[in-house]
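The values are calculated or read from the model by the stated rules, or taken from the named source; none is laboratory data. This is a predicted model, so every value here is computed, not measured. All Cβ positions, even for glycine, are placed from backbone atoms using ideal geometry, and neighbour counts span all protein chains on display.
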């Protein structure tokens, strides 16, 4: 537990960074927060380490001490690697249970560099809009090129569109496309990327912590959906700009390298999302629609000589992890 939380010092913003074998990225992220700490008094940053098993804890602790960040940054080593939600909840839980819980909690990826003023923009937006429960930053490449970071919830129609990858189908299903055109204006959205996502304290108090049954992926979408069903809106705030080195922390979605085979936990997370939120029948139909549309796309790809954009053995792995093959058992969230 963080020493500042233990001392029950007032915290206006808690920033949580989950590290797993990326100490250099995490330290760079902390460097980018120095100016934000000055503009947002009583901000605390907790770096949790998901049992990296390397020198991450020692390196990050050393950087905190030598750079003079100890008054606002602390390290929380964890005994197991329980995934993204687990790592975040380990810091969020004691903060919410403290005498002076922070009004806002920011989830921040280790593979991010915060642009000047990015955190203050989010906090100011939340202060001015008390009905908003969650808000996300504009994520961008180092050269400023914006990334998709505001999305619609996954549905059977979005899975049909992502499988077919056909302009005519995308146009017909435009209201359900997962990643709408990137907006330059503040706007409501279904969910935002967990790489930089601020959450009001009351949202956690009402819907619970992030579902730890998701090891990685789909957890922030699921959390935003639970908040949405409880009446909390989610907004995209592009004035808050954060560089996101996509896939550097997980290695799964790194666009600078050839796609890697999707790990088991990605399929487990997808299956859990649809089962938990829409039930067995809807989840099974979604699997069928997606797999059928991908098969049709693969046929069209071979006829037209297109490059395969999917990771190795993706369709085979998907079918092996489908509801028909794995069944509809769903374990309850650990933290609910």
Expected single match for assigned to a loop (DSSP other than H, G, I, E, B), over 22 Å from residue 30 (Cα atoms) and at pLDDT below 95 among 252, 246 is 252
| said: Would you confirm whether or not region 136-159 contains a residue that is part of a helix (DSSP H, G or I), modelled with pLDDT of 95 or more and within 24 Å of residue 245 (Cβ to Cβ)? | reply: no
The residue that is nearest to residue 155 (Cα to Cα), considering only those in region 279-298 that are part of a helix (DSSP H, G or I) and free of Cβ contacts under 8 Å to residues at least 40 places away in the same chain, is 287
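Residues checked against (1) surrounded by fewer than 21 Cβ atoms within 10 Å (Cβ to Cβ); (2) closer than 22 Å to residue 127 by Cβ:
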{"position": "188", "(1), (2)": "yes, yes"}
{"position": "198", "(1), (2)": "no, yes"}
{"position": "215", "(1), (2)": "yes, no"}
{"position": "221", "(1), (2)": "no, no"}
{"position": "224", "(1), (2)": "no, yes"}
{"position": "231", "(1), (2)": "yes, yes"}
{"position": "234", "(1), (2)": "no, yes"}
{"position": "238", "(1), (2)": "yes, yes"}
